[in-house]
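One structure below.
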There are 2 protein chains.
Amino acid sequence: MESVSIDFEKAGGLVPAIIQDHRSGEVLMLGFMNSVSLEETQRSGEVVFFSRSRNKLWKKGESSGHVLKVREVRLDCDADAILVRVEAVGPGVCHEGYRSCFFRTLGSDGKVKITEERAFTPEAVYGPQQEKKA
Amino acid sequence: MESVSIDFEKAGGLVPAIIQDHRSGEVLMLGFMNSVSLEETQRSGEVVFFSRSRNKLWKKGESSGHVLKVREVRLDCDADAILVRVEAVGPGVCHEGYRSCFFRTLGSDGKVKITEERAFTPEAVYGPQQEKKA
């Protein structure tokens, strides 16, 4: 056991947090956390990001109900990136209606192609005003 | 098919790039890319990051030989994060001798514990001067 200081200062107070399905291993999304959002994530057992666009804490699923239940938090060697293994509540995490936010493949020609199936209808979950990612 | 501009400007010219083993689904590391390193990654078929600490392009495996062969590049919904699914050459990607850089688990008490087995001896691969992560 050791105590480690997470290097929040390297990128202006924020570290990237990868969200991975703890069963399938699928990478669901990437958000950012500051120290308060990480504390709140650990305390509540559900993922809380820091939204860069809204400049405030952002509880994932606050409007959709698609919360991310924390199963394990991992830290990388340089203590400047976090991997959160989760149980994702609901059909998908992406505000565009997909299970994962990484639903597009980038070809070597620079073209992007949707390579996943839609899992739900965003408007039915979020209404006309969609929950934005950070 | 659509053309998408990756939002490199959101975080000062860089986007986080998650590296995932394309077979096991294990998340191996997280680095950053600028537009040139992404182009170079696509062109060469092997992952090239932008090192924030050294402020230059950093071909993963340049000193260790542990290159990351690109199998698929995914883009998230906001086009500000990249997921690279790779075949990782060698016993592990971490300069500390682990298969994944995420070899430590963060407890809810803030304590960190090593929860993976070492895969190789760093000194034997990198010599006394270890390859640094970005």
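Here are some notes:
- A:Val125 accessible area, assembled protein chains, probe 1.4 Å, Å²: 50
- Loop-located trypsin sites (Lys or Arg not before Pro) in the range A:71-134 (DSSP state not H, G, I, E or B) with no more than 14 neighbouring Cβ atoms inside 10 Å: A:Lys132.
- With Cα atoms defining each centre, the range A:56-134 and the range B:86-105 are spaced 25 Å apart in the structure.
- A:Glu62 sits with roughly 100 Å² accessible to a 1.4 Å probe, with DNA, RNA and ligands left out of the calculation.
- Integer Hz, Karplus 6.51/-1.76/1.60 couplings in order for the range A:9-14, x for Gly and Pro: 7, 4, 10, x, x, 10
- Virtual spin-label span in nm between A:Lys111 and A:Val89, 7 Å along Cα→Cβ: 4.1
- Legend: mean number of C-beta atoms from other chains within 10 angstrom of residue C-beta atoms, peptide A:96-104, equals 5.
- Axis of helix A:35-44 versus longest Cα principal axis of chain A: the two differ by about 80°, to the nearest ten degrees.
- Using C-alpha pairs under 8 Å with a sequence gap of at least 6, the mean separation divided by the residue count of the range B:74-134 gives a relative contact order of 25 percent.
- Rg to Rh quotient for the range B:25-75, alpha carbon positions, Kirkwood Rh: 0.94
- Global form of the protein assembly as shown, assessed from the alpha-carbon gyration tensor, a/c cut-off 1.5: oblate
- Most fluctuating residue given options B:Ala124, B:Ala79, B:Ala88, as computed from a GNM of chain B linking Cα atoms under 10 Å: B:Ala124
- For the listed residue pairs A:Lys56/B:Lys59; A:Lys111/B:Lys69; A:Lys113/B:Lys69; A:Lys56/B:Lys60, the alpha carbons are over 24 angstrom apart in A:Lys56/B:Lys59; A:Lys56/B:Lys60.
- Label positions at B:Gln42 and B:His22, each projected 7 Å from the Cα along the C-beta direction, are separated by 1.7 nm.
- Accessible area buried by the pairing of A and B, both sides summed with a 1.4 Å probe, works out to roughly 4400 Å².
- Accessible surface, the range A:55-134, averaged per residue in Å² (probe 1.4 Å): 44
- Taking all protein chains together and rolling a 1.4 Å probe, A:His22 ends up with roughly 50 Å² accessible.
- Summed residue charge, Cβ within 10 Å of B:Met33's Cβ, Lys/Arg positive, Asp/Glu negative: -2
- Of the Cα atoms belonging to the range A:1-129, the radius of gyration and Dmax stand at 15.4, 48 Å.
- Chain A residue nearest the axis that carries A onto B, by Cβ, with distance in whole Å, is A:Gly25, 1.
- Taking a point 7 Å out from the Cα of A:Lys10 in the direction of its Cβ, the residues of the range B:1-44 whose backbone N falls within less than 11 Å of it are B:30-32.
- The fraction of accessible area contributed by carbon and sulfur in the range A:29-117 is 44 percent, rounded to a whole number (1.4 Å probe; ligands and nucleic acids excluded).
- Heavy-atom accessible area with a 1.4 Å probe sorts B:Asp7, B:Asp76, largest first, into B:Asp7, B:Asp76.
- Shielding value for B:66-77 is 5, the average number of Cβ atoms from other chains within 10 Å of each residue's Cβ.
The values are calculated or read from the model by the stated rules, or taken from the named source; none is laboratory data. Nothing here was measured: the structure is a model prediction, and the numbers come from that model. Every residue, glycine as well, gets a Cβ built from its backbone with ideal geometry; the counts of neighbours run over all protein chains shown. When the accessible area is computed, the model is the full protein with side chains, heavy atoms only, and any ligands, DNA or RNA have been set aside. Shrake-Rupley method; radii C 1.70, N 1.55, O 1.52, S 1.80 Å.
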